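Notes follow once the structure below has been shown.
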Amino acid sequence: MESSRIYDVVVVGAGTGGCSTALFTAKLGLKVCILDAKREPDIGRKVCGDAIGKHHFDNLNIPYPMDAIINEVKGMRLYSPSRSTVFEIVGEGVSGFMLKRHVFGQNLLREALNSGAELYDSTRALKPIVDRGRVIGVIAERRGVRMELKGRVTVDASGAVAVLRRSIPEESLPERDVKPEDIQVAYREVRVIEEGYDGCEYGEIYLSRIYAPGGYAWIFPRSDGTVNVGVGVQCGRGYPNPKTLLHKFLDTVRGIRDTILDAGGGLVPTRRPLASLVADGFILVGDSACQVNPIHGGGIGPSMYAGKLAAEAILEAYDQGLFTAEGLWMYNVRYMRSYGAKQAALDVLRRFLQDLSDEDIDYGMSVRLLTEEDTLRASMYGALKISTLEKIKRFTRGLGKPGLLIRLRRTAGMMVKAKRLYEKFPENISEFKRWLYEVKAILPC
């Protein structure tokens, strides 16, 4: 084994979350390294829907990645299982871009390296180095040679596989493992569109327990004559392979050729963030922290945001010389009280939707128990706020399925409770156990 190499921050994973964390920490003047199993030219290649909302860049006050944008997206069309009802959703939160995912990832990596971060590509993280309960680095392997990369803070941004998170001592984190039913297995292809296909201003999402049980199918047309199509399926329920389901789904769609330009699958954790994202000398960012949107599975924007917050917390810990969970705690506080609160509410909505039958969804959309505005508001703010008059109108419309209406009202109330609880995430680590007890009392673990 090679001798240890010492850094302020060791980042495992050069995806969006890892590169963002490395970029922001390097800009703050810290000595940072990134390691990734891929070769440098392949970093940024990832199975993904390739869509991102404009608001993620606006909120971080960073410019749009113009050279990585294929086209702008005005909004989304949401199809009921029978496709008899279509919601056209437009506005902040759904308007955005279709990305050249590889170019975007390479650009982000280049920014991090230009800011001073070092890259170990073709390097596989094997396990964390733990000393008296504190993570002090990783043991990695590069081209058959093992090495130790040590840092004051180690960041697990290794994606859904969570290489380090799953290997640190159980007592380090209150939640270390993710249940299968809180994970989506996704398969997507990039195909060629036939001439005359109906534009690329809107992405399309299809709800169906036949083609995407516990998830959804998507069609995201692109202005370069291609389309990103895929299916996400809830794990742990014995559902069919998403590749098989996608091909069955595409048999029902016109305008997409059989020519496949790219294909692949992956796992997406679609639940609220883990109860704590920090441990002694350790931080979780991105999919390893369960930071994707629980409804649509989008994770690029949240990972960028989390990377910035993580970098700020690491610098504060560095200034204090305190690299324990307590020293890194403000990362938890800032994330949970903002995006985490929305995710917690959307996790409640996800569970409600996954338990509905296609008949329930068809009915609810057709009589507008949920509207386009509700869908947009929930996605953007994690809230279903309905006026008293509107509640009366929906009660009348929902008489055909009173049980569904009651469940929807209960879900809306639970979303409010979950969001408020996360907005009150404790600033003091000593109050965390009490907060977690309250979370477990209302939300399934």
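Just so it is clear, none of the values below were taken in a lab; they were calculated from the coordinates. As the structure is a computational prediction, the values presented were derived from the model and not from experiment. Cβ coordinates were reconstructed from backbone atoms using ideal geometry, including for glycine residues, and neighbour counts include every protein chain displayed.
When only alpha carbons are used to place a centre, region 68-104 and region 154-199 end up 21 Å from one another.
Sorted on the mean count of surrounding Cβ atoms within 10 Å across their residues, most packed first, peptides 55-64, 159-168, 124-133, 266-275 read 266-275, 159-168, 124-133, 55-64.
Listed peptides 176-186, 234-244 appear in the order 176-186, 234-244 once ranked by packing, highest mean of other Cβ atoms within 10 Å at the front. Relative contact order of region 9-74, taken over Cα pairs closer than 8 Å and 6 or more residues apart, is 28 percent. Once the convex hull of all Cα atoms in region 337-445 is built, its volume per residue stands at 99 Å³. Looking at the chain, the DSSP beta bridges with both ends there are about 70 percent antiparallel.
Over the chain, what relative contact order in percent results from Cα pairs under 8 Å that are six or more residues apart? Relative contact order for the chain comes out at 17 percent. With a simple spin-label model that places each label point 7 Å from the Cα along the Cα-to-Cβ direction, the separation between Asn61 and Lys417 comes to 3.9 nm. Label sites at Tyr437 and Ser223, each approximated as a point 7 angstrom past Cα along Cα to Cβ, lie 5.6 nm apart. Per residue, the average separation of C-alpha pairs within less than 8 Å and at least 6 apart gives region 337-445 a relative contact order of 41 percent. The modelled label-to-label distance between Glu141 and Arg5, using points 7 Å beyond Cα along the C-beta direction, is 1.8 nm. Treating the chain as a set of equal point scatterers at the Cα positions, no solvent, please give the Debye-formula log₁₀ I(q)/I(0) at q = 0.07, 0.08, 0.14 Å⁻¹. Values, matching the q order: -0.34, -0.45, -1.34.
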